[in-house]
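Accompanying notes for the structure given below.
What follows draws every value from the coordinates through simple rules; no lab data is involved. Values in this document were obtained by computation on a predicted structure and should not be read as measured data. Quick reminder, even Gly has a Cβ in these numbers, built from the backbone with ideal geometry, and neighbours come from all protein chains shown.
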Amino acid sequence: MTSAVDRPRVLRIAMNGVTGRMGYRQHLLRSILPLREAGGVTLPDGSRVQVEPILVGRNERKLVDLAQQHKVEQWTTDVEGVLADPTVDVFFDAGMTSHRSALLQRAMRAGKHVFTEKPVAETLEDAVALAALAAQTGITAGVVHDKLYLPGLVKLRRLVDEGFFGRILSIRGEFGYWVFEGDQQAAQRPSWNYRTAEGGGITTDMFCHWSYVLEGIIGRVRSVSALSVTHIPQRWDEQGRPYDATADDAAYAVFELETPAGDPVVGQINSSWAVRVHRDELVEFQVDGTHGSAVAGLQSCVAQQRAHTPKPVWNPDLPVTDPFRDQWLDVPANAELENGFKRQWEEFLRDVVAGRPHRFGLESAARGVQLAELGLRSSAERRTLDVPELSL
Ligand SMILES: NC(=O)c1ccc[n+]([C@@H]2O[C@H](COP(=O)([O-])OP(=O)(O)OC[C@H]3O[C@@H](n4cnc5c(N)ncnc54)[C@H](O)[C@@H]3O)[C@@H](O)[C@H]2O)c1
């Protein structure tokens, strides 16, 4: 535990990949800059620790523009220099997935605390090695588990904690939207997402989210059966050039879960970049239990109790008159829930100051990589695979 006297007044955070979509929008713009504006992170004793970003990247011009636009004093293209700088406390990475594990290793060996986007590595072996290194070096490591900080999922988790569902039977998730091919209209996601060689693919991208979401809401994932496919085989890149989309753009998966009490729950999640949205939100989860059900999106959560459950009768000859969507009650937040990335940053930085582990560390990150790997293997081998416990 760091005492109030030797507690740092400023945490210097090297931010790699801030010119990218996530690094810029969620981490710099919505998290670190607002925290700096507010005077830093508030600690349990009411004092504050200020944050000082250092922008790290390859393109000097983009870094200078960003630094000027947001009044950030320091930027650099020299990652090694940043890692060798003893005044840098935290190394954050939102760069390309394929570069991540090597960068994080170097940062931890240099004694930096690390906070990182997911997936932490491209292979389970690398992800486990990272988790083991974090445990050895004793630094505070955190991986973005942003979905668990979303208002909708916070409310859903609260219903689980309150015993609202009775015995939980199943959780079903529907994630996705249409990502334009890039010929007529520009794609709204980077082209590397659709190339296997560059770490792309929806299974790799989303199963590390589903791992912690399922674990954080229901319990550990014990098996996976997935079908990962490439629906759109050709796309057009940022320069308008056609390319072969080698990576999967949809994954249809069934998971066997286990609650902390040891009860089995069935999970099922569709993930797709080739689906059009007929939902209220881009991701929705429905949990059904013996005493009640709930549907949560990013923001909202609605619930229906056993006593309020209507009794529909199947009759294909009659038009539907039941107002099904009106039969659910909104679950209030009862608290102000700010941007999820920002709230996790605050929690992580408090952990750094206190010198303790972050609750979503590199072991949890490795389980995400494990689930993605097993999902792809399950699809290739057309069979259900157990998810073994990891040993570091
Ligand atoms: N938590 C989430 O919900 C979420 C959502 C999307 C992406 N991500 C993760 O965030 C990371 C970044 O994704 P993004 O969508 O922002 O991607 P992006 O392509 O917009 O940004 C990637 C960054 O890497 C840099 N980069 C690109 N090519 C490079 C190269 N050859 N060498 C070195 N650097 C290079 C880019 O300049 C940019 O700064 C990925 O690991 C992705 O999996 C997380």
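Overview of results
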quantity	calculated
Taking N as its residue count, the alpha carbon Rg of the stretch 303-392 over 2.2 N^0.38 Å	1.85
Cα gyration tensor shape for the stretch 112-235, rounded if a/c is under 1.5, else prolate or oblate	oblate
Rounded Å value of the spacing that divides the Cα centres of the stretch 363-388 and the stretch 288-312	30
Rounded to whole Hz, the Karplus (6.51, -1.76, 1.60) HN-Hα couplings of the stretch 336-344, x for glycine and proline	8, 10, 6, 3, x, 4, 5, 5, 6
With 5 Å bins from 0: P(r) over the stretch 197-242, alpha-carbon pairs, percent	5, 14, 19, 21, 14, 10, 7, 6, 3
For the stretch 72-225, size of Cβ-based charge dipole, Lys and Arg +1, Asp and Glu -1, in debye	760
Expected 222 nm ellipticity per residue - DSSP helices of 4 or more, -39500 (n - 2.57), all of the chain, to 500	-9000 deg cm²/dmol
Within straight-line cross-link reach of Lys71, aspartates and glutamates at Cα separation under 12 Å, skipping those fewer than 8 residues along the same chain	Glu37, Glu52
Selection from Phe165, Ala335, His209 lying farthest towards where the dipole of the chain points positive, charges on Cβ	Ala335
Helix axis angle, 362-381 relative to the chain longest principal axis, alpha carbon, degrees	50
Neighbour-count ranking [beta-carbon atoms within 10 angstrom, fewest first] of Phe341, Phe91, Phe165	Phe341, Phe165, Phe91
Volume per residue that the Cα convex hull of the stretch 151-336 spans, once the total is divided by residue count, Å³	160
Charge context of Glu174, other residues only, Cβ under 11 angstrom, K/R +1, D/E -1	-1
Charge dipole of the stretch 151-336 about the Cα centre (unit charges at C-beta), most positive-ward option of Gly267, Gln299, Asn193	Gly267
Alpha carbon convex hull of the chain, volume per residue in cubic angstrom	169
Percent antiparallel among DSSP beta bridges (both partners in the chain, rounded to 5)	60
Distant-in-sequence amide H partners of Gly292 (H built 1.01 Å from N, under 5 Å)	Arg306
Under Karplus coefficients 6.51, -1.76 and 1.60, residue-wise ³J(HN,Hα) of the stretch 296-310 in Hz, glycine/proline x	10, x, 5, 9, 9, 8, 10, 9, 9, 7, 3, 5, 9, 7, x
Least to most buried among Ser378, Ser300, Ser391, Ser31 (fewest other Cβ within 10 Å first)	Ser391, Ser300, Ser378, Ser31
Nearest-20 debye value, the chain charge dipole, Cβ charges on Lys, Arg, Asp, Glu	440
Surface/4 estimate of mean projected area, convex hull on alpha-carbon atoms of the stretch 35-89, nm²	4.5
Net charge over other residues, Cβ less than 15 angstrom from the Cβ of Asp244 (K, R count +1; D, E count -1)	-3
Relative contact order of the chain, pairs being alpha-carbon contacts under 8 Å that are 6 or more residues apart, as %	21
